[in-house]
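Here's the structure we're looking at; comments come further down.
The values are calculated or read from the model by the stated rules, or taken from the named source; none is laboratory data. Here the structure is a predicted model, which means the values were calculated and not measured. Cβ sites come from the backbone with ideal geometry, for glycine too, and all protein chains shown count toward neighbours.
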Amino acid sequence: MRVRIPMMIAAAAGAAALTASMVPAFAEEAPSYQEFEASTYVDFDGQYVVNGDEVVSNQGDLHKFYESMVSTPKHIPKDGLIVNTVSGKDDKWSASQALNLTYCVSDKFGTNKAAIVTAMAQGAGLWEGASSAVEFTYVPAQDGACNTRNSNVLFSVEPVNTSQYIARAFFPSTSKRSRNVLIDDSIFSSGNWEPGDILAHELGHALGFRHEHTRPEAATCFEDNNWRALTPYDSSSIMHYPQCNGGSSDLEFQASDAAGIRALYGS
């Protein structure tokens, strides 16, 4: 993870959520769209949160998400750390953009800001350490106006006050106006889940990775089959919720996660 600082300073200095709760997958009889919409959590900015920590921008996209849920076959492929797909194509950054994943961290975090900056660096470092083809760059000069309207960064990292999730993120296909990582201060009181690991999970979404527990081997927390397999199933993957029949109560980066990022972006 790089930190980008202004040129005049540089000369002088020499230089995806996890969710707190899970909504179960549809039962044999799916709810109507109206029932589904009414039960879906809406963030402070009007965006819907689905699958625990993934964002859907508007009602039109929520309806598409609902249709994909109710029409998804029950029998789906059985291997892979999985990448999100849109219209059958991998949801990933271009090679050049993957090396320039810029972000800011809002000053609104207050006294927690330094800890969030550190946790973001730790989370980004796990993916960067596995593949030289991805690089997150922190741009502190943009922290004072760190929101989705800031075109000087690819995405923003902002605080939120909610009991619905610990953190939530976005996919590469998400529009700029919805491209942020929102973090509740419960990230600092999440048991044996380290803040850096939680944000590594969220940055996994930002890189295009889906939840590992949507795979049939998990036998619970099914989401949909809009994904492509990359590596064998791993119940201990950092993209697998521990509470969804996970193989570990910890949320830690695994060899399968490293293999997945290399399979998608290169080594």
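Some values worked out for this structure:
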read-out: All positions within the stretch 114-146 that are closer than 13 Å to ALA98 by Cα, among the hydrophobic types (A, V, I, L, M, F, W, C) and crowded, with 18+ Cβ neighbours inside 10 Å; value: ALA124, TRP127, VAL134, PHE136
read-out: Number of the exception - ILE187 against (1) within 14 Å of the chain's Cα centre (by Cα); (2) of a type in the set (Val, Ile, Thr); (3) farther than 26 Å from ALA229 by Cβ; value: (1)
read-out: Lone unmet requirement of (1) part of a helix (DSSP H, G or I); (2) closer than 17 Å to ALA130 by Cα for GLU217; value: (2)
read-out: Qualifying residue in the stretch 164-185 (condition: assigned to a strand (DSSP E or B), among the small types (Gly, Ala, Ser) and buried (at least 19 other Cβ atoms within 10 Å of the Cβ)); value: yes
read-out: From TYR233, TYR241, residue being hydroxyl-bearing (Ser, Thr, Tyr) and within 16 Å of the chain's Cα centre (by Cα); value: TYR241
read-out: Failed criterion for GLU217 (all others in (1) at pLDDT below 90; (2) out of contact with any Phe, Trp or Tyr (no Cβ under 7 Å at 6 or more places or on another chain) hold); value: (2)
read-out: Some residue of the stretch 192-200 being in a helix (DSSP H, G or I), within 23 Å of VAL160 (Cα to Cα), out of contact with any strand residue (DSSP E or B) (no Cβ under 6 Å at 6 or more places or on another chain) and aromatic (Phe, Trp, Tyr); value: no
read-out: Of residues in the stretch 52-92 being buried (at least 20 other Cβ atoms within 10 Å of the Cβ) and small (Gly, Ala, Ser), the one modelled with the highest pLDDT; value: GLY52
read-out: Test: residue in the stretch 228-246 that is over 27 Å from GLY191 (Cα atoms), touching a helix residue (DSSP H, G or I) at 6+ places or on another chain (Cβ under 6 Å), assigned to a loop (DSSP other than H, G, I, E, B) and at pLDDT 80 or above; value: yes
